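Structure, as structure tokens:
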Amino acid sequence: MTGIRGTIAALAALVACVPAPAFALVTGKPVHGIAIYGEPKYPADFTHFDYHNPNAPKGGTLTRASIGTFDSFNAFSFKGNKPSPGVIHYSGAANYMYFNEALTLRSANEPGTWYCLLCETIEVSPDRLSIEYSLRPEAHFSDGSSVTVEDVIFSFETLMTKGHPRYKLYWGDVARVEKTGERKVKFYFRDAKNTELPLIMGELPVLSRKFWEGRDFEAATLDIPVASGPYKIDRFEAGRYYVLKRDPNYWGRDLPINKGVHNFDELRFDYYRDDDVAFQAFTNGSLDLRGESDSTRWATGYDKAMVDAGALVKEGFSDGQPDEKHPFVLNIRRPLFSDIKVRKALALAFDFDGTNRTVAYGLMDPYLSYWQGSDIAARGLPQGEELAILERFRGQIPDEVFTTEFKPTRTETPGALRDNLLAAQKLLAEAGWDLKDGTLVNTKTGTPFEFEFLIHLPLYEKWIGPYLLNLERLGIKGRIRIVDPTQYLNRMNEFDFDMVMGELPYWGGQSDSPGNEQREMWGSAAADQPGSENWIGIKNPAIDAIIEDLIKAQTRESLLAHAHALDRILLWNHYVVPGFVEPEIWWAYWNKLGRPDTTPFIGAIFHDLGQFRGLVRVVPPRTTDPIRPPGGTTRTRPRNWPRS
């Protein structure tokens, strides 16, 4: 249930945090909220979420950096560079909406639960073949016009026909939509087997028909759209910055779900071409908050005296979600990577332990699962329902799925890397590649083994460089190609790459309750769909079948069984070179910001729950003492803090 991404990483619906009952959606009556397993936690008359501070101070400006550029405020088209995923446009991966709103808003601390936002009530038919929303009469857009049923129908039909291709994959099981009353709209489903569809239907962003009709919906545009959210685009300079200003006339500011959020008067996003420059802007006080992804910088780059004095807050957190992963993603559309033996050999050449030790201060974890850090990750050997699922595809999937727990190749002992490279050389020979005069060539065509590693952030070079040196020992020539974010996004949308780093928000974001979004990530229908997250190019009938059965799972146990099976098949097909995993989420922020005492299980985005408390001036004298890397220290890993 990661929702519509193109954004940040999809976050969880939290089913894992409670016992696992059978699918028990409440049907046949209008309700204020909807849960995949029974009744929502909060009653119809609740006053606020218990993880919100309804008395949070409001005011100030939160300034953050974005890397790259933007040339469009049309967040729903395939074309153009959109601003800051999850901020300008609604993403189901985010729990809050700043600009474009949806019918419902997901609870951040309950298993698979959504509450009415633009809608007033929700009613699922007893046969689960339809869902009806009654719109709030007070809901209106920023131009003062009411949010109508016609806007909802227009939004759905337009997104499905002219929007980003992912919408067709996500809501493809909707048969039709119709107006059933002055403020009522009903969606009809093709069947009742898609268990999460009644819930994720509420993630539909509702657009202003009045604004969009007459405009080219498929085009990039810097026209500021009319929307219904708590913030409006106040000012901008294309490619340089934009500012969201809190709307004093926001219709939903007093809703219980909104008490304690939207605390900043303005949200400003400054654009930088280079992350090193953005870091310097943060250290000189031009930026308020920074999510760090460079382990070297985290260990050595921040002013220790400022941190010790409390002027600069530096925290590492774990949020209970699948960890952020960085595999080296292979494009198996390329004949070079179509042979599984070649892919195995490429994985053997990666020296995780040596690279982690020398460039990351030992802060990263080895890549073990597509859902690493959650109970979705496959462990041990398959048993019970999971084994039965896999048995259906015996002979069509790697035999190791049944016999061996997946573990990436390690280099913890002396000589391990040499042994791994020898094993890789043998696999390459079996796949028809021979070493001649130091160059690996195809025995049939004489073509040398050469490829390009595409990146847009230089910080990844320190991981990729040592890997390419190891490949060079096998006779393989790999080149790093650094491109600007715009070119990178365009090439990824067209699958124009050989190998690339898996990273959020572009690829690989997983939740601990997977569902319809898996079609876009691994399904055959998405493999040739430009802009999909099936970067790898997977067309595997077994994977397709398991995804469809996963979507229809009636219990948490069954969902886990199908997800574990999917995880094993993905791992043992060696579609990626297991790179590294970030076990913590790193945040640095100046002490003028505060955060609530309670943070929900899925974490929080600082824009929502952060609080402006005014600058507390603590400016210590500069020091020339070296900043020691954190080796040997105990890393604090409290749960529940946001990913960047």
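A short reminder: the numbers here are calculations on the coordinates, not readings from a lab. Please read these numbers as outputs of a predicted model, since none were measured by experiment. Using ideal geometry, Cβ is built from the backbone for each residue, glycine included, and neighbour counts are taken over all protein chains shown.
For a quick check: with amide H placed at 1.01 Å from N, whose amide H comes under 5 Å from Phe580's, ignoring anything fewer than 5 positions away on the same chain?
For Phe580, whose amide H was placed from the backbone, the distant partners under 5 Å are His326.
Neighbouring Cβ atoms within 10 Å as the yardstick, rank Thr300, Thr113 fewest first.
Exposure proxy ranking, most exposed first: Thr300, Thr113.
List the residues whose amide H sits under 5 Å from the amide H of Gly362, counting only those 5 or more places along or on another chain, with H placed 1.01 Å from N in the peptide plane.
Counting only residues 5 or more places away or on other chains, the set is Arg357.
Have a look at the range 354-404 and give its Rg and Dmax from the Cα atoms, expressed in angstrom.
Taking only Cα atoms of the range 354-404, I get Rg and Dmax of 15.4, 44 Å.
How much length is gained if the chain between Ala192 and Arg379 is pulled fully straight, taking 0.36 nm per residue apart and subtracting their Cα-Cα distance, in nm to one decimal?
The span from Ala192 to Arg379 would gain 64.2 nm if fully extended.
State which entries of Lys184/Lys245; Lys426/Lys477; Lys426/Lys539; Lys82/Lys462 exceed 20 angstrom in Cα-Cα distance in the structure shown.
Pairs exceeding the cut-off: Lys184/Lys245; Lys426/Lys539; Lys82/Lys462.
So what are the ³J(HN,Hα) numbers for the range 38-55, from phi and the Karplus equation (6.51, -1.76, 1.60; θ = phi - 60°), rounded to whole Hz, Gly and Pro as x?
Listing the rounded values in order: x, 8, x, 5, 8, x, 4, 9, 5, 9, 5, 5, 6, 9, 9, 9, x, 9 Hz.
Can you list residues from other chains, or at least 5 along the same chain, whose modelled amide H is less than 5 Å from the amide H of Tyr42?
Residues meeting the amide H criterion: none.
Points 7 angstrom from Cα along the Cβ direction at Asp419 and Lys245: gap in nanometres?
Spacing of the two 7 Å Cα→Cβ label points: 6.6 nm.
Starting from the Cα gyration tensor of the range 324-582, multiply each eigenvalue by 5, take the square root, and state the resulting semi-axes largest first in whole Å.
Result for the range 324-582: semi-axes of 29, 21, 19 Å.
Can you compute the charge dipole magnitude of the range 522-566 about its Cα centre, using +1 on each Lys and Arg Cβ and -1 on each Asp and Glu Cβ, nothing else charged? Give it in debye, rounded to the nearest 20.
60 debye
Placing +1 on the Cβ of each Lys and Arg and -1 on the Cβ of each Asp and Glu in the chain, which of Ser145, Phe236, Leu204 has its Cα farthest towards the positive end of the resulting dipole?
After comparing all options, I get Phe236.
Cut-off is 10 Å between beta-carbons; in what order do Ser208, Ser107, Ser228, Ser66 appear when sorted fewest neighbours first?
The order, fewest Cβ neighbours first, is Ser66, Ser208, Ser107, Ser228.
Can you give the helix-only mean residue ellipticity at 222 nm for the chain, where every DSSP H stretch with n ≥ 4 adds -39500 (n - 2.57) and the sum goes over all residues, rounded to the nearest 500 deg cm²/dmol?
Estimated from H runs of four or more residues: -6500 deg cm²/dmol.
Just need log10 I(q)/I(0) for the chain at q = 0.06, 0.07 Å⁻¹, Debye formula, equal scatterers on the alpha-carbon atoms, no solvent, rounded to two decimals.
Values returned for q = 0.06, 0.07 Å⁻¹ are -0.33, -0.45.
So what is the relative contact order of the chain, in percent, for Cα pairs below 8 Å that sit 6 or more residues apart?
With pairs under 8 Å counted, the relative contact order is 22 percent.
Evaluate the range 15-246: find the radius of gyration of its Cα atoms, find its Kirkwood radius, and give the ratio Rg to Rh.
0.96
Rg to Rh ratio, the range 102-232, alpha-carbon atoms and Kirkwood radius?
Reported Rg/Rh, Kirkwood definition of Rh: 0.95.
Calculate, in nm to one decimal, what Leu222 and Ser524 gain on full extension: separation in residues at 0.36 nm each, minus their alpha carbon distance.
Full extension of this stretch gives 105.3 nm more.
About the Cα centre, and with charges only on the beta carbon of Lys, Arg (+1) and Asp, Glu (-1), how big is the dipole of the chain? Nearest 20 debye, please.
That gives the chain a dipole magnitude of about 640 debye.
Which one, Ser72, Ala108, Ala35, is farthest towards the positive end of the dipole of the range 15-246 when Lys and Arg carry +1 and Asp and Glu -1 on their Cβ?
The residue sitting farthest along the positive end of the dipole is Ser72.
Kindly provide the GluC sites (Glu not before Pro) of the range 466-516 that DSSP labels as loop, not H, G, I, E or B, and whose Cβ sees at most 11 other Cβ atoms within 10 Å.
Glu494
Given points 7 Å out from each Cα along the Cα-Cβ axis, report the Glu182 to Asp437 separation in nanometres with one decimal.
It works out to 8.5 nm between the two label points.
Can you list which of the GluC sites (Glu not before Pro) found in the range 125-171 are DSSP loop residues with at most 16 other C-beta atoms within 10 Å?
Passing sites in the range 125-171 are Glu138.
Simple spin-label model, 7 Å along Cα-to-Cβ: Glu494 to Lys162 in nm?
Those two pseudo-labels are separated by 2.4 nm.
For Lys79, which lysines qualify as cross-link partners when the Cα separation must be under 18 Å and same-chain residues fewer than eight apart are set aside?
Lys79 reaches Lys162, Lys168.
Once phi is turned into ³J(HN,Hα) by the Karplus curve 6.51 cos²θ - 1.76 cosθ + 1.60 with θ = phi - 60°, what whole-Hz value does each residue of the range 295-312 show in order, with x for glycine and proline?
5, 5, 5, 4, 7, 10, x, 9, 5, 4, 5, 5, 5, 4, 7, x, 6, 10
About its Cα centre, how strong a charge dipole does the range 342-464 have in debye, to the nearest 20, once Lys and Arg get +1 and Asp and Glu get -1 at the Cβ?
In debye, rounded to 20, the range 342-464 gives about 200.
How much space per residue, in cubic angstrom, does the convex hull of the C-alpha atoms of the range 481-558 take up?
95 Å³
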